[in-house]
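To start, the structure itself, in structure tokens.
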Amino acid sequence: MNLIEHFINGKITKGSSKNKSKVFNPATGDQSAEVNLASKADVDQAVQKAKQAFTSWSIKPPMQRARIMFKFKELIEKNSDELIKLIVSEHGKIYEDAKGSLARGLEVVEFACGIPHLLKGEFAENVGTDVDSWSIRQPLGVCAGITPFNFPAMVPMWMFPMAIACGNTFILKPSEKDPSCSIKLAQLFKEAGLPDGVFNVVNGNKEAVDALLTNKDVVAISFVGSTPVAKYIYENAAKNEKRVQALGGAKNHCIIMPDCDLDQAVNGLMGAAYGSAGERCMAQSVAVAVGKIGDQLVKKIVKKVEALKIGPGMDKNSEMGPLVTKEHLEKVRGYIDLGVKEGAKLVVDGRNIKLQGYEKGFYIGGCLFDNVDKKMKIYKEEIFGPVLSVVRVKDFNSAVNLVNDHEFGNGTSIYTRDGDVGRTFASKIKVGMVGINIPIPVPVAYHSFGGWKRSLFGDQHMHGPEGVRFYTKLKTITSKWPKGMASDPEFVMPTLN
Ligand code: NAD
């Protein structure tokens, strides 16, 4: 059985713990590997190595850090097929989707290549007579990232390229469900010239996470995952005096206005609801039909959901792959059973599909509920599967209120031809990432990614300018050179005139 270990101080490392977790190929349902789960001692060792590496990495000129980042970018491009296949084999998503997610992660590396410019501070001459003042941003120390299963390359790449380019060292604790991609990225970063100890990967579960949360040498934690764990991370990181950004779950609404181009909206919705089998934090899992558009909308979607091509991620004909694990498949099936009990109308039922030759794989077909009500659990909770709920409302204001009253606020979209409606929506909606005739409004790397409400605990979004702010601290210096006679002591608050 293939064993996946840790990557500490530039080397594959076994670790001291005997605990292991199983890794599966979701397409076949077979176990493909075991992953070592780090003990507290393993995590502490990685943190010590990262702390030692910080001394020299943090003072390396940003341009030299950027050159390593450029080389890393080249190596990711050269090894992209292998990285994509690792994503497909452990996560299950289709090859082209995995390729897209790697490209979105690579964007952040490209952005981080500009770090000398991004770290430039501000300078003000003569804030008082012969007094100058300037500000600089300096790295924090050892930072850690804890990431979810659904984007094994992209989400870690939202974090570590930015942290490392800013002069920090980093410990990544990827999801134990699909850890191989992170190890490969660490090996490529080393090949690019990154000094040992700057980027480390420790595999593990809650024990490893708790070790990171309580280690006093870890100064900042970035987390992406479900809301209950995000809240736990936020509270415990803060309690241990760490900087923290903790991104949680989502329930994203796509508003379909009666004036929209319906075919465009339906095609957008299909990709956003069923792409990656709905295992995306930016998946559109609620379609809000405004006014009389509901019947037409449902009719058009039904046909497309029934025609979805479901199969292994490596099959070029597949449009949707399996879910990540058997447990997750059962959880999603459970939500569909619940929706039926709650009284929603299950218009397309994908629960019982069987794929010849892949009978043990974790597949489920696309599911569509109509007449979903805001009191239902299938509306309130994140299902994280290929399940779209249609909620019907009378007008635009009711649609806005529905979105604003939901506990999550990650992403949302509106389909309309009316510019004023689009603009009002963007202004009034209490959500972090908004699309207007764009189904999945994931910001590019030079903007920042993050939700509102219980989709993000903390103050800063990820990557882009917010990433630079999160991974650096601000210092402001005020200086005056001695000139002639020493000045007399002053006992009042200086006003620098
Ligand atoms: P998860 O919360 O189960 O796990 C995320 C990470 O936390 C993993 O590394 C896991 O090992 C660790 N973890 C799990 N339970 C823990 C515990 N009790 N204590 C400490 N650490 C723990 O999430 P997941 O199932 O891997 O990922 C899916 C979730 O992630 C969904 O809710 C999805 O919306 C969310 N997500 C959010 C975003 C975003 O940007 N907001 C992006 C991607 C995924």
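The values are calculated or read from the model by the stated rules, or taken from the named source; none is laboratory data. All of these numbers come straight from a predicted model, not from anything done at the bench. Note that each Cβ is placed from the backbone with ideal geometry, even for glycine, and that neighbours are counted across all protein chains shown. To get the accessible areas, we keep the full protein, side chains included, count just its heavy atoms, and leave off ligands, DNA and RNA. Shrake-Rupley method; radii C 1.70, N 1.55, O 1.52, S 1.80 Å.
Criterion applied to 360, 292 was being touching an Asp or Glu at 6+ places or on another chain (Cβ under 8 Å), assigned by TED's automatic domain parsing to the domain that holds residue 381 and not polar (S, T, N, Q), and the one residue passing it is 360. If you filter region 126-148 down to residues that are farther than 15 Å from residue 468 by Cα, surrounded by fewer than 18 Cβ atoms within 10 Å (Cβ to Cβ) and hydrophobic (A, V, I, L, M, F, W, C), you find that the one that is farthest from the ligand (Cβ to nearest atom) is 131. For region 128-135, the count of residues that are in the same structural domain as residue 53 (by TED's automatic domain parsing) and in contact with a His (Cβ under 9 Å, 6 or more places away or on another chain) is zero.
With respect to residue 298, is the statement that it is in contact (Cβ under 8 Å) with a residue 24 or more places away in the chain, of a type outside the set (Asp, Glu) and touching an Asp or Glu at 6+ places or on another chain (Cβ under 6 Å) true? In short, yes.
Restricted to region 234-260, and to residues that are farther than 30 Å from residue 426 by Cα and open to solvent by less than 50 Å² (accessible area, probe 1.4 Å), which residue is nearest to the ligand (Cβ to nearest atom)? Residue satisfying both the conditions and the ranking: 236.
Would you confirm whether or not region 186-205 contains a residue that is within 12 Å of the ligand (Cβ to nearest atom), more than 23 Å from residue 106 (Cα to Cα) and more than 17 Å from the chain's Cα centre (by Cα)? Yes, region 186-205 contains a residue that is within 12 Å of the ligand (Cβ to nearest atom), more than 23 Å from residue 106 (Cα to Cα) and more than 17 Å from the chain's Cα centre (by Cα). Determine if region 224-240 includes at least one residue that is assigned to a strand (DSSP E or B), on the phi < 0 side of the Ramachandran plot and either touching a helix residue (DSSP H, G or I) at 6+ places or on another chain (Cβ under 6 Å) or of a type in the set (Phe, Trp, Tyr) (or both). Among the residues of region 224-240, at least one is assigned to a strand (DSSP E or B), on the phi < 0 side of the Ramachandran plot and either touching a helix residue (DSSP H, G or I) at 6+ places or on another chain (Cβ under 6 Å) or of a type in the set (Phe, Trp, Tyr) (or both), which makes the answer yes.
Please verify whether region 346-354 includes one or more residues that are more than 22 Å from residue 289 (Cα to Cα), among the polar types (S, T, N, Q) and either open to solvent by 10 Å² or more (accessible area, probe 1.4 Å) or within 16 Å of the ligand (Cβ to nearest atom) (or both). Checked against the condition, which is being more than 22 Å from residue 289 (Cα to Cα), among the polar types (S, T, N, Q) and either open to solvent by 10 Å² or more (accessible area, probe 1.4 Å) or within 16 Å of the ligand (Cβ to nearest atom) (or both), region 346-354 yields at least one hit. Note on region 275-309: residues that are farther than 18 Å from residue 319 by Cβ and part of a helix (DSSP H, G or I) amount to 9. Scanning region 454-469 for residues being among the basic types (Lys, Arg) and more than 11 Å from the ligand (Cβ to nearest atom) gives a total of 1. For region 310-333, a residue qualifies if it is among the charged types (D, E, K, R) and either more than 16 Å from the ligand (Cβ to nearest atom) or part of a loop (DSSP other than H, G, I, E, B) (or both), and the qualifying residues are 315, 316, 319, 333. Does residue 151 satisfy the criteria of being open to solvent by less than 40 Å² (accessible area, probe 1.4 Å), aromatic (Phe, Trp, Tyr) and within 16 Å of the ligand (Cβ to nearest atom)? Here the answer is yes, as residue 151 does meet what is asked. Assess whether residue 334 counts as being without any contact (Cβ under 8 Å) to a residue 12 or more places away in the chain and either open to solvent by less than 70 Å² (accessible area, probe 1.4 Å) or not assigned by TED's automatic domain parsing to the domain that holds residue 402 (or both). Answer is yes for this residue. Just one residue in the set 445, 399 is of a type outside the set (Ser, Thr, Tyr), open to solvent by less than 20 Å² (accessible area, probe 1.4 Å) and within 15 Å of the ligand (Cβ to nearest atom); that residue is 445.
Checking each residue in region 220-233 for being in contact (Cβ under 8 Å) with a residue 24 or more places away in the chain and crowded, with 19+ Cβ neighbours inside 10 Å picks out 220, 221, 222, 223, 224, 225, 227, 230, 233. Evaluated against (1) under 30 Å from residue 363 (Cβ atoms); (2) among the polar types (S, T, N, Q); (3) more than 9 Å from the ligand (Cβ to nearest atom); (4) open to solvent by less than 50 Å² (accessible area, probe 1.4 Å), residue 215 falls short on exactly one condition, (1). Residue 110 meets the stated requirement of being farther than 30 Å from residue 236 by Cα and not β-branched (Val, Ile, Thr). Only one of the numbered conditions (1) more than 16 Å from the ligand (Cβ to nearest atom); (2) surrounded by 22 or more Cβ atoms within 10 Å (Cβ to Cβ) is violated by residue 394, and that is (2). For residue 343, are the conditions met, namely being open to solvent by less than 50 Å² (accessible area, probe 1.4 Å) and not hydrophobic (A, V, I, L, M, F, W, C)? When the stated conditions are applied, residue 343 does not pass them. Evaluate region 261-270: report whether one residue or more is within 27 Å of residue 350 (Cα to Cα) and within 16 Å of the ligand (Cβ to nearest atom). No, every residue in region 261-270 fails to be within 27 Å of residue 350 (Cα to Cα) and within 16 Å of the ligand (Cβ to nearest atom). Does residue 173 qualify as being within 26 Å of residue 460 (Cβ to Cβ), of a type in the set (D, E, K, R) and more than 13 Å from the ligand (Cβ to nearest atom)? No. Sort out which residues of region 475-497 are exposed (fewer than 11 other Cβ atoms within 10 Å of the Cβ) and modelled with pLDDT of 80 or more, and write them in order of number. Of everything in region 475-497, those that are exposed (fewer than 11 other Cβ atoms within 10 Å of the Cβ) and modelled with pLDDT of 80 or more turn out to be 479, 481, 482, 483, 488, 489, 490, 491, 492, 493.
Taken over region 176-185, the criterion of being of a type in the set (D, E, K, R) and either open to solvent by less than 10 Å² (accessible area, probe 1.4 Å) or within 16 Å of the ligand (Cβ to nearest atom) (or both) is satisfied by 176, 177, 178.
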